[in-house]
Amino acid sequence: MTERSTACLDWADRLRDGRSIIPPPIFPDEAEAGLSVMRELRIVDAPGSPRMGDACGQWVFDLAASVFGAYDADSGRRLITEWFVMLPKKNFKSGLAASIMLTSLIRNWRQSAEFTILAPTVEVANNSFGPARDMVTFREPDENLSELENLIHVQGHIKTLTHRNKNATLRVIAADANTAAGKKSVGTLIEELWLFGKQPGAAEMLREALGGLASRPEGFTIWLTTQSDEPPAGVFKEKLQYARDVRDGKIHDPQFVPIIYEHPPEVVEAKQHLKVESLAMVNPNLGYSVDQTFLHREFRKATEEGESSLRGFLAKHGNVEIGLNLRHDRWAGSDFWEAAGDATLTLDELMRRSEVVVFGIDGGGLDDLLGLSAIGREKDTRRWLHWAHAWAHEIVLQRRKEIAPRLLDFQKAGQLTIVQRPGQDVVQVADIICKVRDAQLLPDKNAIGVDAAGIGAIVEELTTPARNLTPDHIVAISQGWKLNGAIKTVERMVAGGEMVHGATELMAWSVSNARVVPVGNAVTINKQVSGSAKIDPLMATFDAASLMALNPAPAVAEYQIFFL
């Protein structure tokens, strides 16, 4: 007997052909029992308040059938327990959440069972509760009390629906550690997971909220989200990657169903996603809750407003993942940054391919990042090769909570190190520089460019007798408008394909955070303008570029490097 799989290896072809990417129900009778209830629910805010069975795309019922039809009535166990659903805005997401969870409440057999819609904000909670409440309270013109009102008690002030016979509840709550703690939900739907990805501690809070499934074999979790308006982060990034891996067969998890409406990679690479007709591929409720005329008009407006607006539109209405969050005041080099990436360019690879290497260092306060960038000049081609790393004291996770999930992502990717004591970062920076020096790739002078402010600890560590580096190696790089030359040099070399970087998320984030301020005929990029979003690795890159622009010679004319 072949083991059941929830992978969908031909998902790209299915989306192109308009076929379903949702697996059929395991138990068709259970699926139909749930659908028979769900089809009768009303979409109250739609013209004429139609029944769902008359006003939704088939994908809605395919998804509901997959959820309802995963339950084995004989054993009381649900064979699939998780669904991850990512679809663009306006595809009946809130109505979908309300109808599936309300149907589950109506058909539930467990006395005093709990069902929960967990929202990241009060506003999202209101959007989710409204359709469920309206489905219950809708009345025909000749009705004093609807059939559902006789069965379900609505308490709007606490966003709760209660089954009068079973005393079971469906609660819609704005999540935090207090509201999520101790939940014993049979079914939980997490709304707008992308917003949870921006919240520090969201993963632990969601784990607490879902703990009740351990004693509820019929339980289920639905992760429902649109794409993020920034590069994915935190728990959203983790869950999205897991869903993609299950879909693509890289992870075998028959209890997890990935349903991701996104353009295939080859469509994005060919820039076909920039065509308005490609939106139909990823908007399954087109023609129902999604109006084609609206989509086309908004697409045209976003195109005319520029790349930043277009990226935002495609993220929300096309589920296109944002790599760089480009603003109108962005650094010019950011437009070309992604195309200049090479994920194989590690520090060791940079050393192997380079004839000389220089460094830039920036930042390092307790609530700041310490950025280290290396630029090597490639043998033969003389292209610039770039690598970067950053360090942060653990207190940053408390003082800069808005970026903590992203910093933890960088840590997991090996692009950032979180230290417990001041000075550990400086020692590790010096170790890396000495590694390059020992490979005879560091110039005899003008090898390490540092921000003139706050360099005392770094200079002290680098010039200790054990390090054997001298003040001649270290250069204080003037900041502000005086850095204009390096800024312009790097953007020209990135745009012209003369500079290649390691394609790290850390650097993409740093580049996207940079804001340009005109100063006379020059431009400046500084931390004050960029706000709490960090740019230290990029500033370190400009410091290194200032030295590489001097055309340094290797420490020795003839050398040979051996790598283990």
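Structure data summary
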read-out	value
Charge-dipole axis of the stretch 116-239 as Lys and Arg at +1 and Asp and Glu at -1 on Cβ define it, positive-most pick from I158, L206, P232	L206
Kirkwood-Stokes translational diffusion coefficient of the stretch 90-140, alpha-carbon pairs, 25 °C, 0.890 mPa s, µm²/s	207 µm²/s
Cα-based reach from K435 at 14 Å (exclusive), listing aspartates and glutamates while leaving out same-chain residues under 8 positions away	D348, E349
G365 long-range amide H proximity, modeled H, under 5 Å	none
In the stretch 367-411, the trypsin sites (Lys or Arg not before Pro) that fall in loop regions by DSSP, at most 10 other Cβ within 10 Å	R382
Spatially proximal lysines relative to K482 (Cα-Cα < 18 Å; intrachain offsets below 8 disregarded)	K527
The chain - mean residue ellipticity at 222 nm from DSSP helices (-39,500 (n - 2.57) per run, n ≥ 4, rounded to 500)	-10500 deg cm²/dmol
Cut-off under 5 Å, modelled amide H: who pairs with V356 long-range	R377
Pairs beyond 30 Å (Cα-Cα), from K90/K198; K90/K166; K93/K159; K275/K379	K90/K166; K275/K379
Per-residue HN-Hα couplings for the stretch 131-140 [Karplus 6.51, -1.76, 1.60; θ = phi - 60°; Hz; x = Gly/Pro]	x, 5, 4, 5, 4, 6, 8, 4, 10, 5
Vicinal HN-Hα couplings computed from phi for the stretch 472-479 (Karplus, 6.51 cos²θ - 1.76 cosθ + 1.60; Hz; Gly/Pro x)	5, 6, 9, 10, 7, 8, 5, 9
Residue-level accessible surface for R78, protein heavy atoms, 1.4 Å, Å²	30 Å²
Inter-centroid distance (Cα atoms) of the stretch 74-117 relative to the stretch 245-276, Å	23 Å
For the chain, with +1 on Lys and Arg beta carbons and -1 on Asp and Glu, the positive-most of I375, W83, Q440 along the dipole	W83
The chain - percent of accessible surface contributed by carbon and sulfur, probe 1.4 Å	50 percent
Set of aspartates and glutamates with alpha-carbon distance to K184 below 20 Å, sequence-local pairs under 8 removed	E82, E114, D176, E204, E208, E218
Equivalent ellipsoid semi-axes - Cα gyration tensor, the stretch 54-213, angstrom	24, 19, 18
For the chain: rounded, prolate or oblate by the Cα gyration tensor [a/c cutoff 1.5]	prolate
The stretch 243-358: relative contact order in percent, alpha carbon pairs under 8 Å with at least 6 residues between	17 percent
In Hz, Karplus ³J(HN,Hα) per residue of the stretch 415-431 (6.51, -1.76, 1.60; θ = phi - 60°; x = Gly, Pro)	9, 9, 10, 9, 9, 9, 10, x, x, 4, 5, 5, 4, 5, 4, 5, 4
GluC sites (Glu not before Pro) lying in DSSP loop within the stretch 1-99, provided at most 13 other Cβ fall within 10 Å	E3
Given the chain, longest segment not containing exposed loop chymotrypsin sites (Phe, Trp or Tyr not before Pro) (DSSP; at most 13 other Cβ within 10 Å)	110-558
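The values are calculated or read from the model by the stated rules, or taken from the named source; none is laboratory data. All figures in this text were calculated on a predicted structure; none of them were measured in a lab. Counting neighbours? That spans all protein chains shown, and the Cβs are built from the backbone with ideal geometry, glycine included. Areas reflect the complete protein model, heavy atoms only, side chains present, ligands, DNA and RNA absent. Shrake-Rupley method; radii C 1.70, N 1.55, O 1.52, S 1.80 Å.
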